[in-house]
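Notes to accompany the following structure.
Computed from the coordinates by the stated procedures, all read-outs in this text should not be read as laboratory data. Quick caveat, the model's predicted, so the values are computed rather than measured. As a convention, Cβ positions derive from the backbone with ideal geometry for all residues, glycine included, and neighbour counts pool all protein chains shown.
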Amino acid sequence: MDKITEEIELSSKAKNKSFMLGGIFLVGTLIISAMTKTLVLMPLIFGILFIVIGFLNMNIKAFKFYEKHLVFQAGFINKKMVLYKDLEGYNIEKRKIIIHYKEAGKLKSLKLLKEIIADEDITVLQRKLDLLLKK
């Protein structure tokens, strides 16, 4: 098992987005239920679902750097592993970070919004990617 050399967490904005949506749905359920005098289940279910997703995303690290590869994970479901030898480059734009890599001989891109990691972690990510691309 590879040893983790560095980790970058999800930003608080990314972690709290599910809780905010869940809260909006729960408040919406209360308002609609009060207006119709019946319990409306659809927004209630969505509210509970978003809150559960928020708790599942609490301890997720957006980037984990191992000895030979990195793992990107923006949520509890999707996970992408990229070998360091397959890294081709990266771009940091105004709102996005794009990491270029090869997979099965084809050039692919991993695109993510800058808001999912904290501003100071963007500098850490940039430094780490620069270091990896010089090897």
Quiz item: Within the set of pairs 6 or more residues apart or between chains, which connect a residue that is over 18 Å from Asp2 (Cβ atoms) inside segment 57-79 to a residue that is among the aromatic types (Phe, Trp, Tyr) and surrounded by fewer than 17 Cβ atoms within 10 Å (Cβ to Cβ) with Cβ atoms less than 7 Å apart?
Solution: Asn57/Phe76; Ile60/Phe76
Quiz item: Of all residues in segment 109-127, how many are under 11 Å from Tyr90 (Cα atoms) and more than 16 Å from the chain's Cα centre (by Cα)?
Solution: 1
Self-check item: Residues being assigned to a helix (DSSP H, G or I), over 10 Å from Ala62 (Cβ atoms) and touching a residue at least 12 places away in the same chain (Cβ under 8 Å) - total across segment 110-129
Solution: 7
Quiz item: For segment 36-48, does any single residue satisfy the condition of being within 24 Å of Asp2 (Cβ to Cβ), among the basic types (Lys, Arg) and free of Cβ contacts under 8 Å to residues at least 12 places away in the same chain?
Solution: no
